[in-house]
Structure formats: structure tokens, C-alpha cells
Amino acid sequence: MKTKNVREIALETLLAIEEKEAYSNLQLNKVIEEHHLSARDVGLLTEIVYGTVQRRDTLDYYLTPFLAKARKLERWVRILLRLTLYQVLYLDRVPDRAAIFEAVEIAKKRGHKGTASLVNGVMRSIQRQGVPPLEDIKDEVKRLAVATSHPYWLVKRWVGQYGFAETKRMCETNLLPPKQTARVNTARITVEEAMERLRQEGMEVARGEVAAEAIRAEKGNLAHTAVFREGLITIQDESSMLVARALGPKEGERVLDSCAAPGGKSTHIAELMDSTGQVVSVDIHDHKVKLIEEQAKRLQLTNISTYVLDSRRLGERFEKESFDKILVDAPCSGFGVIRRKPDIKYAKTEEDIPSLIELQQEILRAVAPLLKRGGTLVYSTCTIDREENEEVIAQFLKHHPEFVPDETMQERLPEKVQPYVRNGQLHLLPHYFGSDGFFIASLRKKV
């Protein structure tokens, strides 16, 4: 039986992402394993899938006038046109004729002669006429939304929170491919030693941009190395690495990570404590708690205790004032990680945000009594939405006068990000350092 080519696999992957609402990264990993692709084909497949998802709305804007006379398209035909146009417009190394020829062949195989004629006709017309100019969109916010393929409501919201210029930089950065970074387990190996080991495995690596324990992959996949398997590194974005530093755990302390899965921050905290004390890692889902346990085992960390619990009900399980430090890495809209998970920007709606805010506030209210007097509470999210970040903290402080902003957080963070700390809060936007967008607030409980 003839094996499927890369573009067929890309079509099936994109179809699954839309129909099953599958996460693009998970679906892509799944099909790569299923089809045993070469490294070159994996590269092309990844580029087509991520690129087509990232630029979906822009591609649809370009395609619309060429489909005005077409009857209602089947979903797979529209996706086939998108991924083909993506290659024509954005992939210099793929000849236009090859991309179009493959699209027509796929259309014949999946559909019929009429479908193949439509695909061929649309693509040939685009070749002759070019795509419609974005300048035709007079509303600058709508034009930015289409040009960078972000939902209009989201761009409008960010413009209201950050202004047009900052929003434009964020949206443009979200179209860039993310760098893979890893946190070195400095309890077991130095950053320099880890980098040398990785180079011996054929990896090209460099120091991270911000975090002291961060390394960046220039070539190769860090997760496929012996250094990773031996528990010497953990795949983690640099912004995320700052959370444990902001918390500042010390050896022998008892620390609660109230929304811990998949375990990146819990394991970092445990490493900083040099396997002393106790890190209590909680998540509501059993399968996610297993991920934390797997991470701890791989990293040879013995000071992590896991619990399957609803963080809003932790007071039923743990004594008041029984933790030295508490981390609330809260469920959020995830708008800071659009570069890594481009489907997020299409999956979320503005109506989702109020319920997330209520959940964030419920978790903060639940954990507050568990913190010892003089202890530190860190709240973090991987979103850039101000209502989920600064406003959640403002509301919490309004109703909890026993807490105050922790001005000392700045001293615990790398020098590069210190200028961005205000009133015990750090707000990193994606274009600052090319990392994920992130928010970290540190609060201190009065003695």
C-alpha cells in the first residue's frame, strides 16, 4: 500500500485539529509517531501544520474572493486550499507548482474531478491575480487582526489594555516560531556541563536569554536526548522558569503548588530546595497528577508529594497556616502561549474570561488561610489579559488585608527582567525576550 505524502498527512492533521478540537501540538506528535517520518518530512509537516493554523484567518481573507461563486465547501477542501496557499505565500523552499500539483492530486483522491478542478482553478487564479491587499480593510484594528490572524475581539481587547502599538508587536511576535528551551537540573549538573553533554549528542545549544538555568536549542530536539532521559534537563519556557525563582523556596520548607500539573514548576521548586523539605503538588485530574509523578521520578526528586484534589477545597485536607510558601499557577486563557499553541486564539471566546476569573479568585481565597504568617504567596498565569492578572490580584488584596505586595520579589529575579517588576508584579509580554507571555505576582502575609 502506498504511503501517504507529507501534504496528505498535513491535511488529515489540520482536519483533526478542527473537527475534534485537538491541540495542534499533541495531534502533530501523534501523526509523526504513526507515520514514522524522516527528519526532513517532520520539518516540512510541522511547518505546514503550525503555519496554516497560525495564519488561518489571513489565508481565509485571501481565499474569500476566489471562492465567491463556489458552492458550500466541504471542510477538508477549505483546509486543503489553506495549506496550499500557505506554502505558496510563506514557504520559499517549496516550489509553487509542486504545492499546487500535490493539492490537485489530493483533491482527486479525496473528492472527485469537480473538486480537483476547483482547487486547481482557485490556485491558478491566485497565481495570476495575486491576493487581495490588506490595505482594503479600513479599520486599523480589524486590519491588524486579519494581518496577524487573531480574532477581532481579542485584538480589540488588547488595544484597550495596551494600546495599538504594543498590541501590534504582540500579534506579530505570535506568528514567529517559538524556540525550544530547557531548564537544567542544577542540583545534579551545571549548565555548562549539560550544554557540553548535549553538544556531544549532536545538539546545537546556547545559553538562555533570561533565566540562569536556561538553555536554548538552536538545532535538534532536547526532549530526544539522553541528557533529558537521565533527568538532567526539563523542557520549559524561560518565563515559566521565573515562577519558582519568584517564590524563593528555601531548603527544609513546606511548599504548596496548588495547580501543579504537568509538574514543571513543582520540580523546579524541589530542585531549588535540593530535595529537602516537602513540595505538595496538587491537581484535580488523576491523569495529570501521574504526569507530575513521572517528572519527579525522571528527575530523581524525592521531596514531592502528589494529591488529586480540587484546589478550591484544600482547606478540607490541609491545616491552616501549614505552608511556608504557596504557588497558585492558575488556570487561565493561555493568551501568552499562542506561539506554542496557536489554536488557543481560535478556541477561546471573550465569554470564557469571566468564569476563569471567578475560578482564579476562588483558588486564591481557598489557599490564603493555609499560608503561615510572614509567608509568600505567588500567583502566576500564562496569559497577558489584565483582567486575569492585575485585576485579580487587586480584588484579592481588597478583600484580604492580611496580604500585601511583596516588593522583595524583584531581588529574586534575573537582572534582565527586574526593570519590568512593579509593586511585586512582573508582566512579561511575548516580544520582550521572545519567551511566553507571563504574569507573576508575589504577595506576603503579614506577621
Restricting the range 419-447 to residues that are charged (D, E, K, R) and assigned to a loop (DSSP other than H, G, I, E, B), the one surrounded by the fewest Cβ atoms within 10 Å (Cβ to Cβ) turns out to be LYS446
In the set GLU18, GLU12, GLU34, GLU47, the lone residue that is surrounded by 15 or more Cβ atoms within 10 Å (Cβ to Cβ), among the charged types (D, E, K, R), at pLDDT below 90 and within 26 Å of the chain's Cα centre (by Cα) is GLU18
Determine if the range 124-131 includes at least one residue that is without any contact (Cβ under 8 Å) to a residue 40 or more places away in the chain, crowded, with 16+ Cβ neighbours inside 10 Å and closer than 28 Å to PHE66 by Cα. no
Consider only pairs whose beta carbons are under 6 Å apart and that are at least six residues apart or on different chains; among these, list those whose first residue lies in the range 94-122 and is within 12 Å of LEU83 (Cα to Cα) and whose second residue is among the charged types (D, E, K, R) and buried (at least 18 other Cβ atoms within 10 Å of the Cβ). GLU102/ARG7
Candidate set: the range 154-179, residues that are within 20 Å of the chain's Cα centre (by Cα) and hydrophobic (A, V, I, L, M, F, W, C); chosen: the one modelled with the lowest pLDDT: LEU176
Report yes if some residue within the range 347-356 is modelled with pLDDT under 95, open to solvent by 10 Å² or more (accessible area, probe 1.4 Å) and among the aliphatic types (A, V, I, L, M); otherwise report no. yes
Could you check the range 253-274 and list, in sequence order, the residues that are touching a strand residue (DSSP E or B) at 6+ places or on another chain (Cβ under 9 Å) and either of a type in the set (A, V, I, L, M) or open to solvent by 40 Å² or more (accessible area, probe 1.4 Å) (or both)? ARG254, VAL255, LEU256, ALA260, ALA261, PRO262, ILE269, ALA270, MET273
Confirm whether GLY208 is open to solvent by less than 60 Å² (accessible area, probe 1.4 Å), modelled with pLDDT under 95 and more than 29 Å from THR58 (Cβ to Cβ). no
So GLU166, is it open to solvent by 20 Å² or more (accessible area, probe 1.4 Å), under 28 Å from ILE269 (Cα atoms) and in a helix (DSSP H, G or I): no
Residues that are touching a Cys at 6+ places or on another chain (Cβ under 8 Å) and either without any contact (Cβ under 8 Å) to a residue 60 or more places away in the chain or under 29 Å from ALA366 (Cα atoms) (or both): does the range 230-240 have at least one? yes
Only one residue in ALA182, ALA147 is open to solvent by 20 Å² or more (accessible area, probe 1.4 Å) and small (Gly, Ala, Ser), so which one is that? ALA147
Inspect all residues belonging to the range 88-98 and state whether any of them is open to solvent by less than 20 Å² (accessible area, probe 1.4 Å) and farther than 29 Å from PRO178 by Cβ. no
Collect the residues in the range 274-291 that are among the small types (Gly, Ala, Ser) and at pLDDT 95 or above, keeping them in residue-number order. GLY277, SER281
When the range 281-316 is examined, which residues are found to be surrounded by 19 or more Cβ atoms within 10 Å (Cβ to Cβ) and either in contact (Cβ under 8 Å) with a residue 60 or more places away in the chain or among the hydroxyl-bearing types (Ser, Thr, Tyr) (or both)? SER281, GLN295, LEU299, THR306, SER311
Residue pairs meeting the criteria (Cβ under 6 Å; at least 6 apart or on separate chains; first at positive phi, in the range 253-274; second assigned to a loop (DSSP other than H, G, I, E, B) and surrounded by fewer than 24 Cβ atoms within 10 Å (Cβ to Cβ)): ASP274/ALA187; ASP274/GLU251
I'd like the full set of residues that are closer than 28 Å to GLY160 by Cα and surrounded by 14 or more Cβ atoms within 10 Å (Cβ to Cβ), limited to the range 392-403. VAL392, ILE393, GLN395, PHE396, LEU397
Whether any residue in the range 371-390 is open to solvent by 20 Å² or more (accessible area, probe 1.4 Å), under 18 Å from PHE439 (Cα atoms) and assigned to a helix (DSSP H, G or I) is what I want to check. yes
I need the full set of residues from the range 282-318 which are farther than 13 Å from ASP257 by Cβ and assigned to a strand (DSSP E or B), in order please. VAL308
Could you list all residues from the range 340-365 that are within 22 Å of ALA246 (Cβ to Cβ) and either in a loop (DSSP other than H, G, I, E, B) or touching a strand residue (DSSP E or B) at 6+ places or on another chain (Cβ under 8 Å) (or both)? ARG340, GLN360, ILE363, LEU364
Just to be sure before I move on: is ASP406 surrounded by 21 or more Cβ atoms within 10 Å (Cβ to Cβ) and within 16 Å of LEU327 (Cβ to Cβ) in the structure I sent? yes
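The values are calculated or read from the model by the stated rules, or taken from the named source; none is laboratory data. Not measured: the values here are computed from a predicted model. All Cβ positions, glycine included, derive from the backbone under ideal geometry; neighbour counts span all protein chains shown. Side chains are part of the model used for accessible areas, which takes the heavy atoms of the whole protein and leaves out ligands, DNA and RNA. Shrake-Rupley method; radii C 1.70, N 1.55, O 1.52, S 1.80 Å.
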